[in-house]
Amino acid sequence: MKKKSLASALICLVIVVALFTYMGVVMGAANMLNTIMRTAHDLLLNTVFYLMGICVITGALGKLFVEFGVVELIEMILRPLMRPLFNLPGVASLGAVMTFLSDNPAIITLSKDKRFSSYFKKYQYISLTNFGTAFGMGLIVIIFMISNGFFLEPLVGLFGAFVGCIVTTRLMQHFVVKAYPAYKVEDVVSDEELESLNAEPEHEEEKSAFLRTLNALLDGGKNGVEVGLAIIPGVLIISTLVMMLSFGADPSGAFTGAAYQGTELLPWLANKVDWLFKGLFGFNDPHQIAFPITALGAVGAALSLIPNFLAQGWIDGNAIAVFTAIGMCWSGFLSTHTAMLDSLGYRELTGKAIISHTIGGIVAAIVAHWVILLITLII
């Protein structure tokens, strides 16, 4: 066995043993194992299948838009806006709309369509993971914040997420081109494939609009099922780990082996540098740090913190704006980025995507904080 391989094996073994030993000591070995299995099982039933449903619906809708030329129309209208801001074709805006209305994987469902991806160079195509994620579950986040009595603050957060999206998309493109310079000029779809696509409409043999619609919907839905299956490993493995390091025991302080219990290591570490979060985001209570940490794994779980925070008086308008910006921009990207890039065929760039998106989310939160401060000064 080579020395390098031996070193890697030992490091991996030490990290895995240390992690499980730590969780086992805190929670109890039996409780830890039960929590892992029950959390993964619950994520599979209530998160993965939910995301798969989103993928099927948005995949069908995206395929329908492609079949009847809606994609080309959007490309023509929004090209002047998309290229200067995101360095993406105007057609990418369709992905932003679909992820805003649903969740991150919708952009991957759309990008699997060759007619859609034919507009992109490879470095732009890869950056769609970051671009689409920044708008994931946006509508749900904003409506949830408004339902809790805030209106202006979620809109400020939306603006912050928009700025964060520009940062993460551009940064990812820079990293990709730096690692693979040829990707800057290489097309995602080859000239031969493009000629074949342009030669005839996708369902030319069907003369009626009804049959074209039916086939487009079914084909798109089938692609959605494939993408839904592809995200299972990332969601179950990464999200389970993040949640077990973020959440704590049950309300009585006991570990029972139930789903979504954990060691609260991440909040404990974040509390050590709460002065930093106060300076960057304007957080005035250490409990607020829990939201962005939880949003790394699942923004839906992060939103569930808001009612209790409000009842305890731990958050204000600034926190809502920052939560909206960072929650929407990050939208659980740690639990989906690996699977999303894997489904695109560029798993080796996952690290660069995560770094880019981490920076983008932080920028989104900072922008939201300073815009709220500016509005407060003006009013």
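The values are calculated or read from the model by the stated rules, or taken from the named source; none is laboratory data. Just so you know, these numbers come straight off a predicted model, no measurement behind them. Methodologically, a virtual Cβ is constructed for each residue, glycine included, from the backbone with ideal geometry; neighbour enumeration extends over all protein chains shown.
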How many residues does segment 326-340 hold that are surrounded by fewer than 24 Cβ atoms within 10 Å (Cβ to Cβ) and either touching a strand residue (DSSP E or B) at 6+ places or on another chain (Cβ under 9 Å) or among the hydrophobic types (A, V, I, L, M, F, W, C) (or both)?
1
Leading residue by the ranking (nearest to residue 305 (Cα to Cα)) among those in segment 221-270 that are part of a helix (DSSP H, G or I) and touching a Pro at 6+ places or on another chain (Cβ under 7 Å)
246
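Answer with yes or no whether residue 97 is of a type in the set (A, V, I, L, M), in contact with a helix residue (DSSP H, G or I) (Cβ under 6 Å, 6 or more places away or on another chain), over 23 Å from residue 183 (Cα atoms) and in a helix (DSSP H, G or I). Walk me through how you get there before you give the answer.
On the way: of a type in the set (A, V, I, L, M): yes; in contact with a helix residue (DSSP H, G or I) (Cβ under 6 Å, 6 or more places away or on another chain): no; over 23 Å from residue 183 (Cα atoms): yes; in a helix (DSSP H, G or I): yes.
No.
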What number of residues within segment 46-90 satisfy the criterion of being at pLDDT 85 or above and either over 23 Å from residue 168 (Cα atoms) or surrounded by 19 or more Cβ atoms within 10 Å (Cβ to Cβ) (or both)?
5
Please determine whether any residue of segment 149-161 is within 15 Å of residue 332 (Cβ to Cβ), crowded, with 24+ Cβ neighbours inside 10 Å and either basic (Lys, Arg) or at pLDDT 90 or above (or both).
yes
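Kindly establish whether residue 315 is without any contact (Cβ under 8 Å) to a residue 40 or more places away in the chain, in a loop (DSSP other than H, G, I, E, B) and either buried (at least 20 other Cβ atoms within 10 Å of the Cβ) or on the phi > 0 side of the Ramachandran plot (or both). Working first, answer last.
Values: without any contact (Cβ under 8 Å) to a residue 40 or more places away in the chain: yes; in a loop (DSSP other than H, G, I, E, B): yes; either buried (at least 20 other Cβ atoms within 10 Å of the Cβ) or on the phi > 0 side of the Ramachandran plot (or both): yes.
When the stated conditions are applied, residue 315 passes them.
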Condition test on residue 261, is it buried (at least 23 other Cβ atoms within 10 Å of the Cβ) and over 30 Å from residue 100 (Cβ atoms)?
yes
Just one of 323, 247, 255 is closer than 30 Å to residue 53 by Cα and either over 19 Å from the mean Cα position of the chain (by Cα) or surrounded by fewer than 19 Cβ atoms within 10 Å (Cβ to Cβ) (or both); which is it?
247
Candidates 136, 132 - the one that is within 22 Å of residue 358 (Cβ to Cβ), modelled with pLDDT under 95, assigned to a loop (DSSP other than H, G, I, E, B) and not hydroxyl-bearing (Ser, Thr, Tyr):
136
Taking the criterion of being closer than 25 Å to residue 265 by Cβ, among the aliphatic types (A, V, I, L, M) and in contact (Cβ under 8 Å) with a residue 24 or more places away in the chain, would at least one residue in segment 6-25 satisfy it?
yes
